[in-house]
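Take a look at the structure set out below.
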Amino acid sequence: PCNLTGWWENDLGSKMQVFKVGNDGTFSGEYHTAVSSAKKPIQPCPLTGSQHLDEDGQCTFGFTVNWKKFSDSTAVFVGQCFNGDDGKEVLHTSWLLREKVDSEPDDWKATR
């Protein structure tokens, strides 16, 4: 079965560390992004999430990252863990990023 605990790295060099997955599937950790459009220096940020504990081990999961240490934005990720042919676990994710905007008319450009 897939175990989300530990370090993960994506194609852009961003890394996340999942500290521990509880018996109920909840987890926390830190996200170390390698990319940002914020003007402040990038810092590791907290993440919290939940994993669907499935019998075949290829679980689905989701987590939220609060970029509060350097940006006024929040990101959510959803994905699935796969056991690759080489025996390595691989995460496939999709994400949405919500940036703070100053007014409702600017809402159209707030989510990527």
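Tabulated values for the structure
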| read-out | value |
| --- | --- |
| For the chain: rounded, prolate or oblate by the Cα gyration tensor [a/c cutoff 1.5] | prolate |
| Summed residue charge, Cβ within 15 Å of Q51's Cβ, Lys/Arg positive, Asp/Glu negative | -4 |
| GNM top mover of G49, G25, G84 - the chain, alpha-carbon springs below 10 Å | G84 |
| Rounded accessible area of S36 (nearest 10 Å², 1.4 Å probe) | 60 |
| Among 26-32, 37-43, 12-18, the order from most to least packed when residues are scored by Cβ within 10 Å on average | 26-32, 12-18, 37-43 |
| FRET efficiency estimate (nearest 0.05) - Cβ-Cβ, D56 to T5, R0 22 angstrom | 0.75 |
| Exposure of H52 as accessible area (Å², to 10), given a probe of 1.4 Å and all protein chains | 100 |
| Accessible-area composition of the chain, carbon plus sulfur, in percent [1.4 Å probe] | 49 |
| Lysine pairs in the stretch 44-112 with Cα atoms under 30 Å, if 8 or more residues apart or on separate chains | 5 |
| For the chain, cysteines whose Cβ has no other cysteine Cβ within reach (under 4.7 Å) | C45, C59 |
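The values are calculated or read from the model by the stated rules, or taken from the named source; none is laboratory data. Keep in mind it's a predicted model, so treat the numbers as computed, not measured. Note: ideal-geometry Cβ built from the backbone for every residue, glycine included; neighbour counts use all protein chains shown. In case anyone asks, the SASA skips ligands and DNA or RNA and just uses the protein heavy atoms, side chains included. Shrake-Rupley method; radii C 1.70, N 1.55, O 1.52, S 1.80 Å.
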